[in-house]
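Worksheet: the structure to be examined is printed underneath.
Every number in this text was worked out from the coordinates using simple rules, so none of it is lab data. Here the structure is a predicted model, which means the values were calculated and not measured. Note that each Cβ is placed from the backbone with ideal geometry, even for glycine, and that neighbours are counted across all protein chains shown.
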Amino acid sequence: MFDIGFLEIVIIAAIALVVLGPERLPRAARTAGMWVGRARRMVADVKSDIDREIRESELADMRKLGDEMTNVKNEISQAANTVKNDDAMGDVVDSIKESAKTLNQDVNEKTGTA
């Protein structure tokens, strides 16, 4: 984490022993350990909160995408039903058939009388 080797730790411990003395050194080490533990727990809590928020935002995005896909599916189904139920196409086909029949009759009349 801080890139401190074993030799540096030994030097720091020797200086702490000289400065604090053998009576206060264990209590200072316990206090330092407690603060390091609290800092690690705090960092772990923040990291887990961030991870949870990221997962929730990804889940919300996936839900939004699913809703959009459902909406598109519904629109396509409605368009298909509209085309299926639309009589305009049938009317156009019927009109073309009637025109073709009329033209055939006209052609037959013209060729039969000529």
Tilt relative to the chain, helix 6-85 - C-alpha long axis, 0 to 90 degrees, to 10: 10 degrees
Residues LYS47 and ILE12, FRET efficiency given R0 of 35 Å [Cβ-Cβ distance, rounded to 0.05]: 0.80
Magnitude of the charge dipole, region 11-114, Cβ model with Lys/Arg +1 and Asp/Glu -1, debye to 20: 1500 debye
Net dipole in debye of region 1-40 [+1 Lys, Arg Cβ; -1 Asp, Glu Cβ; about Cα centre; nearest 20]: 280 debye
Rg/Rh (Cα only; Kirkwood hydrodynamic radius) as it applies to region 6-113: 1.84
Acute angle (nearest 10 degrees) that the helix 88-113 long axis makes with the longest principal axis of the chain, alpha-carbon atoms: 30 degrees
